[in-house]
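Written below as structure tokens is the structure these notes are about.
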There are 2 protein chains.
Amino acid sequence: MGAPNPDAVIAALRTVLPGKQGNIALHEPWFIGKEWEYVKDCLDTGWVSSNGKYVDRFEVQLAEYTGARHAIAVVNGTAALHVCLKLAGVQPGEEVVIPALTFIATANAVSYCGATPHFADSANATLGLDPAKLSDYLGDTAEVRGGTCVNRKTGATIRAAVPMHTFGHPMEIENLLEVAARFKLVVIEDAAESLGSFYKDSHTGIFGRVSALSFNGNKVVTTGGGGAVLTNDDALAKYARHLTTTARLPHKWSFVHDEVGYNYRLPNINAALGCAQLEQLPEFVRRKRELAAAYRSAFSGVRGVRFFTEPPHARSNYWLNALVLDAAVSDRRDQLLDTLNAQGIMARPVWTLMHRLPMYQSCPRMPLDTAEDLERRLINIPSSPFLAAGKQ
Amino acid sequence: MGAPNPDAVIAALRTVLPGKQGNIALHEPWFIGKEWEYVKDCLDTGWVSSNGKYVDRFEVQLAEYTGARHAIAVVNGTAALHVCLKLAGVQPGEEVVIPALTFIATANAVSYCGATPHFADSANATLGLDPAKLSDYLGDTAEVRGGTCVNRKTGATIRAAVPMHTFGHPMEIENLLEVAARFKLVVIEDAAESLGSFYKDSHTGIFGRVSALSFNGNKVVTTGGGGAVLTNDDALAKYARHLTTTARLPHKWSFVHDEVGYNYRLPNINAALGCAQLEQLPEFVRRKRELAAAYRSAFSGVRGVRFFTEPPHARSNYWLNALVLDAAVSDRRDQLLDTLNAQGIMARPVWTLMHRLPMYQSCPRMPLDTAEDLERRLINIPSSPFLAAGKQ
């Protein structure tokens, strides 16, 4: 293998993206269903805010599609993660295991609880948290005392683990559940990127005690801004609704709140958009998988770079397609990014790893060799569903 | 004066609300402008999320209308308050003066900063924080040391004061600014209810260093859910934009964040709604003031109850109209509320005072005689702008 020739990479991309003029974004929303109809219904009836039938309907659709017993719609994925951590009982001063390779929201949500992220390494095959490495590391670093996992170095309780399904690719959730059970960690799935992705036969987000979805503008379906909490636990679902509506006790008129709550419920107008989008989700995923297959084929002969494909246990939504540069040529990454962007093909590296950011530099972490290696080598490329087969 | 006769109260309400059938809500949104045009434009262009021209336009319209130099649109009023407190430099362990008579968001936003609300009494004439009482109380309780206000009892820094313009009625902001200057408190205006309300000739929300607006579904204009931060300070405005967009540093592709930030920006589709609503704000306020004038006249002859009118220094939006029961008959409040609601006229008491809620019971507070008196006597009545002159 040699260095990836930017011209060869662009040529491969152009075979997949024929006829596209102008800039090609990483991920754009697509409104070809009943979006107008439902949003107009909101405006016509005056029900645009948090009470409204589209919120209920969106939650039912989400539960049906994912197989989760409950879905609670919230303002965005970050809020969903924050609520998940509160539901998991994360307390100030505790630690929460999260991958170093993730979007900032995972770490920030831990901070909002007054807790500390504890960074874990990634697996090459999934881009997600590596359960085997976590098991070894916790064996060395932590111990279970009285049913609670304690970090022997910091003395803090390690309350939970938040695996994230990177770019939509399901991580090894069953292996992680086994490790978490052994170390008494609550599992919260960060499924912000993996709506439409399945681990074996089950949708991502139904393995953890609670999990978080996102419907930001760049996600597989969008509500403008939005997110959801999934859970199979009736009591947690009820508590999630309470926490996200300012913890107000039901009463015909009085305003009594029994704890510090949040104003996190999704407005009805955003849910209306979401209802229409969810109706199209299977088709969006089909097209995104078609696009991924085309990329895979196009890059099969390109030197120095490979197209990242779903792990064997998974059926991925291919939310954000990724190229992996050969290790030997990772120093060409920025040059390649420059060339692609200059040609109007939006491309970017993965997020800066969390432990490099100033506010998270001093957080506890395991050796992050794989995450650091992936950070140098990953490039995301255009992934909108309408790019499949050049159709728009 | 005697007890308010529920029949007389209902008769007075009916003279103002002729011909309305079915339940009359406290406050409903009204979409009679370009809402659909702008929202459809969002859907047609695919720009529904946080980057989009309607967010920029909404902020310009807000700044122009209020006279603030900068407006930063966020997901809701609670988020706006949270950001304001961060901008004011509120640190964990500090105290923030807020009225006991307010909506829960004011207190919760203080909690989100790890700070403690310190409850202040209200003024009868404005329903807002009483600057004279605050001055006397701080004189007894606090002292300025090295340019910082310190609570002598708790030893904590009192960093800021958050006056709230209750039901849209401007509180005595100039007097408060004087007290705050003397005690070195940063002033943050909670203007969530007072868009369209003026203190003397200036819009509420431009007196504090920063202030918070809300566009919840029940507000004078709505974006479904939404809020904004107002400030005249260029550096704070820039920082507000940074904090509300995950504190990400500008870069052509890399994701580097320099502190714990928030996912608080308003989606474009909600801003589109807001642009259309703001175009109608002067007309909405005109109609709401017309409705208030009609109530005032209708209640002038009703025993045991008076209609709350704007203080002399103010031109209020009359966001939420209020009746005040005579003190002698405040024990009839719930009976009156029952009767009104049974008749399909939505009515409710003011929020339970903050210091009665379990999570805020042990917070520091001054004597709250006026707030406690008002709590027993206030009743909110229907206030939608289309109710004016019975037009819908």
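Some observations on this one:
- Residues of the stretch A:305-323 classified as surrounded by fewer than 20 Cβ atoms within 10 Å (Cβ to Cβ) and more than 25 Å from A:Tyr65 (Cβ to Cβ), total: 1
- Residue that is farthest from A:Ala388 (Cα to Cα), among those in the stretch A:286-301 that are surrounded by 18 or more Cβ atoms within 10 Å (Cβ to Cβ) and in contact with a helix residue (DSSP H, G or I) (Cβ under 8 Å, 6 or more places away or on another chain): A:Phe299
- Candidates in the stretch A:188-217 are the residues that are within 13 Å of another protein chain (Cβ to nearest Cβ) and in contact with a Leu (Cβ under 7 Å, 6 or more places away or on another chain); of these, the one that is surrounded by the most Cβ atoms within 10 Å (Cβ to Cβ) is A:Ala212.
- So B:Phe183, is it at positive phi and either touching a Cys at 6+ places or on another chain (Cβ under 6 Å) or assigned by TED's automatic domain parsing to the domain that holds B:Glu94 (or both): no
- Within the stretch B:74-88, the set of residues being farther than 23 Å from B:Tyr199 by Cα and more than 8 Å from chain A (Cβ to nearest Cβ) comprises B:Val74, B:His82, B:Val83, B:Lys86, B:Leu87.
- Just so you know, in the stretch A:248-283 the residues that are aromatic (Phe, Trp, Tyr) and within 23 Å of B:Asn263 (Cβ to Cβ) include one that is surrounded by the most Cβ atoms within 10 Å (Cβ to Cβ), and it is A:Tyr264.
- For the stretch B:281-392, the helices (runs of 4 or more DSSP H) that sit wholly inside it and include 3 or more residues that are touching a strand residue (DSSP E or B) at 6+ places or on another chain (Cβ under 6 Å) are B:281-299, B:369-377.
- Hits in the stretch B:185-230 - residues which are charged (D, E, K, R) and outside any loop (DSSP other than H, G, I, E, B): B:Glu189, B:Asp190
- Every condition in (1) buried (at least 19 other Cβ atoms within 10 Å of the Cβ); (2) touching a helix residue (DSSP H, G or I) at 6+ places or on another chain (Cβ under 6 Å); (3) within 30 Å of A:Lys200 (Cβ to Cβ) is met by A:Trp47 except one, and the failing one is (3).
- Selection count where residues are under 23 Å from A:Lys288 (Cα atoms) and of a type in the set (A, V, I, L, M), scope the stretch A:124-172: 4
- Taken residue by residue, the stretch A:350-359 has at least one member that is polar (S, T, N, Q) and at pLDDT 95 or above.
- Reported count of residues in the stretch A:346-362, each being touching a residue at least 24 places away in the same chain (Cβ under 8 Å) and away from chain B (no Cβ under 12 Å), is 1.
- Flag for B:Leu81 being in contact with an Asp or Glu (Cβ under 8 Å, 6 or more places away or on another chain) and closer than 30 Å to B:Asn151 by Cβ: yes
- Selection of the stretch B:90-123 for residues being at positive phi and free of Cβ contacts under 8 Å to residues at least 60 places away in the same chain yields only B:Gly114.
- Which listed residue, of B:Ala160, B:Ala156, is under 17 Å from B:Val96 (Cα atoms), of a type in the set (A, V, I, L, M) and crowded, with 24+ Cβ neighbours inside 10 Å: B:Ala160
- Helices (runs of 4 or more DSSP H) contained in the stretch A:1-73 and holding at least 1 residues under 24 Å from A:Phe198 (Cα atoms) and either away from chain B (no Cβ under 14 Å) or not small (Gly, Ala, Ser) (or both): A:53-66
- Output for the stretch A:142-167, where each listed residue is of a type outside the set (Ser, Thr, Tyr) and within 30 Å of A:Asn321 (Cα to Cα): A:Ala160, A:Ala161, A:Val162, A:Pro163, A:Met164, A:His165, A:Phe167
- Check on A:Ala298, small (Gly, Ala, Ser) and under 30 Å from B:His355 (Cα atoms): no
- Boolean, A:Leu236 is outside any loop (DSSP other than H, G, I, E, B), of a type outside the set (Phe, Trp, Tyr) and surrounded by 24 or more Cβ atoms within 10 Å (Cβ to Cβ): no
- Hits in the stretch B:155-203 - residues which are free of Cβ contacts under 8 Å to residues at least 60 places away in the same chain and among the β-branched types (Val, Ile, Thr): B:Ile173, B:Val179, B:Val187
- Annotation: of all residues in the stretch A:28-53 being farther than 23 Å from A:Asn218 by Cα and hydrophobic (A, V, I, L, M, F, W, C), the one that is modelled with the lowest pLDDT is A:Trp47.
- Any hit, the stretch A:241-257, residues being charged (D, E, K, R), within 13 Å of another protein chain (Cβ to nearest Cβ) and closer than 30 Å to B:Thr116 by Cα: yes
Results for (1) of a type in the set (A, V, I, L, M, F, W, C); (2) outside the structural domain of A:Ile381 (by TED's automatic domain parsing), shown as yes or no for each residue.
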site	(1), (2)
A:Gly274	no, yes
A:Lys288	no, no
A:Gly301	no, no
A:Phe307	yes, no
A:Arg315	no, no
A:Ala342	yes, no
A:Met354	yes, no
A:Cys363	yes, no
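- Taking the stretch B:262-289 as the range and being over 14 Å from B:Ala71 (Cβ atoms), facing chain A (nearest Cβ under 9 Å) and not aromatic (Phe, Trp, Tyr) as the test, the residues that pass are B:Asn263, B:Pro267, B:Asn268, B:Ile269, B:Asn270, B:Leu273.
- Check on B:Asp41, out of contact with any Asp or Glu (no Cβ under 9 Å at 6 or more places or on another chain), surrounded by fewer than 24 Cβ atoms within 10 Å (Cβ to Cβ) and either among the aromatic types (Phe, Trp, Tyr) or without any contact (Cβ under 8 Å) to a residue 60 or more places away in the chain (or both): no
The values are calculated or read from the model by the stated rules, or taken from the named source; none is laboratory data. Here the structure is a predicted model, which means the values were calculated and not measured. Glycine gets a Cβ as well: all are built from the backbone with ideal geometry, and neighbour counts include every protein chain shown.
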